[in-house]
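Asker: Below you'll find the structure I mean.
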Amino acid sequence: MLPYGVAVVAWVRGAVLVGVCCGCASVVDDTSPTTLAPSAVPPATELAASQISASTVAAPAIPDPCDPVAIEVQAVDPGTDADQVIDLVNRSDEACEVDVSSSPDASEDLEPNVVLGPGEVAHLWISKVPACEDRAADPATELDLRINGVSRFVPLTFAPHCNVELWAFFTD
């Protein structure tokens, strides 16, 4: 018998249910654990609209990457908590995906992709990073923004700083 409690695992309609009972071990006979055999699991009778089969969710539709030339890049006055904002405008006739993950200053926390329809704008927030040890001799005056792997150099609107970071995309 378990001294403090017991865990119960059961399959119900394809899902695993786990229950823990503390202080009730005295009523459980641990010499004959009860489990629901996989063959006794009732089959799923309905799927969610996004599922094509049980335990499978269809991948979302994502447009092709944008042609970097079709993305207009503008440094704008932030008017926010960001030190600088860069607007990325899709000047093509189709929706496409912008990816800045290969930019050297992309934050580890940045979701680096955004999908833009024709004429739509994404605002990329940039901040100064306080730690300057790694680039103190080379202050940044422009940002190497890599749009789908192609470098676009954008002047920084604030005084040269030793380190900057791309940290958030926002859309209208």
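Asker: Is there a residue in region 121-135 that is within 25 Å of residue 61 (Cα to Cα) and either in contact (Cβ under 8 Å) with a residue 60 or more places away in the chain or charged (D, E, K, R) (or both)?
Answerer: Within region 121-135, none of the residues are within 25 Å of residue 61 (Cα to Cα) and either in contact (Cβ under 8 Å) with a residue 60 or more places away in the chain or charged (D, E, K, R) (or both).
Asker: Could you list, in sequence order, all residues of region 55-69 that are surrounded by 10 or more Cβ atoms within 10 Å (Cβ to Cβ) and modelled with pLDDT under 75?
Answerer: 56, 57, 58
The values are calculated or read from the model by the stated rules, or taken from the named source; none is laboratory data. These figures come from a predicted structure and were not determined experimentally. We place every Cβ from the backbone using ideal geometry, glycine too, and count neighbours over all the protein chains shown.
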